[in-house]
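J.: The structure that follows is given in the form of structure tokens.
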Amino acid sequence: MANEIEQAFYGPLASYYDLVYRKKPYSTEVDFLEQFIKKNHSRARTILDVCCGTGNHARLFAKKGYSVLGVDLSNSMLQIARKKVPSARFKQGDMRSFRLGKKFDVVVCLFSSINYNLTTNDLVKTIRTFKKHISPKGLIVFDARGPNRGFEHVDFLDEQAALIEKGTNKLKIGYNFVTNISKFVKKKNLPSDL
């Protein structure tokens with residue numbers, strides 16, 4: 001299935017991806033996330049960028065001094081990311097099931113990539129995968145564009161993150177980060193062992 005998606009969509013898109021999203025405020029998002037990281041895990045040094053695409057967020061995190069490893073389903077996207085961010089490492093993998101054998105201070109899954117989980121079961125697998133890769137005091141942050149867009153069974157709004165967002169005036173309304181996984185799991189009645 002992953003190879004079919006790669007061949008049908010992301011393979012051909014990869015060479016145009018950065019052109020299509022050239023106006024996306026990557027630096028604003030990374031600046032916002034860095035403030036959040038510094039406030040909640042001041043010693044964070046390593047970032048796992050899940051669904052990293054062509055490495056735009058990874059490049060900015062690396063410039064800020066973080067050690068970054070990006071994971072993406074698309075080898076075509078990863079080829080571009082490797083050229084763009086030689087200081088980062090990149091691995092091919094599915095967000096629901098990759099295994100790196102390493103823990104990170106921060107796991108991010110940005111640009112609404114969490115929405116590729118079309119079922120609650122897939123979302124549970126993804127969160128479990130994230131948790132396998134997070135250090136004991138680490139942070140997991142993912143986002144979703146707009147309320148329930150394409151994902152009616154999940155409300156992504158994390159009130160704590162939304163308050164931080166409004167206080168910074170850096171990101172558009174409707175751009176919500178989920179940062180409190182325990183609260184999210186409880187609110188959504190997901191399995192308690194997440």
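The values are calculated or read from the model by the stated rules, or taken from the named source; none is laboratory data. It should be emphasised that the depicted structure is a prediction, and the values quoted were computed from it without experimental measurement. Every residue, glycine as well, gets a Cβ built from its backbone with ideal geometry; the counts of neighbours run over all protein chains shown. All accessible areas refer to the heavy atoms of the entire protein, side chains included, with ligands and DNA or RNA removed. Shrake-Rupley method; radii C 1.70, N 1.55, O 1.52, S 1.80 Å.
J.: Starting from the stretch 89-105, keep only residues that are touching a residue at least 60 places away in the same chain (Cβ under 8 Å) and over 17 Å from K125 (Cα atoms), then list their pairs with residues that are open to solvent by 90 Å² or more (accessible area, probe 1.4 Å) and of a type in the set (D, E, K, R) whose Cβ atoms are within a distance under 9 Å, requiring at least 6 positions of separation or different chains.
T.: D105/R43; D105/R45; D105/K137
J.: Follow-up question, since we're still on this one. Find all pairs meeting these conditions: Cβ atoms under 6 angstrom apart; at least six residues apart or on different chains; first residue within the stretch 46-59 and touching a residue at least 40 places away in the same chain (Cβ under 8 Å) and closer than 14 Å to K24 by Cα; second residue part of a loop (DSSP other than H, G, I, E, B) and of a type outside the set (S, T, Y).
T.: Once the first residue is touching a residue at least 40 places away in the same chain (Cβ under 8 Å) and closer than 14 Å to K24 by Cα and sits in the stretch 46-59, its partners that are part of a loop (DSSP other than H, G, I, E, B) and of a type outside the set (S, T, Y) give H57/L110.
J.: Can you pull out the residues in the stretch 69-80 that are in contact with a helix residue (DSSP H, G or I) (Cβ under 8 Å, 6 or more places away or on another chain) and within 16 Å of F142 (Cβ to Cβ)?
T.: Residues of the stretch 69-80 that are in contact with a helix residue (DSSP H, G or I) (Cβ under 8 Å, 6 or more places away or on another chain), as a first pass: 70, 72-77, 79-80.
Listed by number, the residues that qualify are G70, D72, L73.
J.: Among what's in the stretch 40-92 and is among the β-branched types (V, I, T) and either closer than 15 Å to V108 by Cα or under 14 Å from the mean Cα position of the chain (by Cα) (or both), pick the residue that is most open to solvent (accessible area, probe 1.4 Å). Step through it out loud before you land on a result.
T.: First, the residues of the stretch 40-92 that are among the β-branched types (V, I, T): 46-47, 50, 54, 68, 71, 80, 85.
Next, from what is left, pick out any that are either closer than 15 Å to V108 by Cα or under 14 Å from the mean Cα position of the chain (by Cα) (or both): 46-47, 50, 54, 68, 71.
Values: T46: 28, I47: 0, V50: 1, T54: 1, V68: 9, V71: 2 Å².
Per the stated criteria, the residue is T46.
J.: If you check V141, V185, V154, V108, which single one turns out to be outside any loop (DSSP other than H, G, I, E, B) and modelled with pLDDT under 65?
T.: Result: V185 is the single residue among V141, V185, V154, V108 that is outside any loop (DSSP other than H, G, I, E, B) and modelled with pLDDT under 65.
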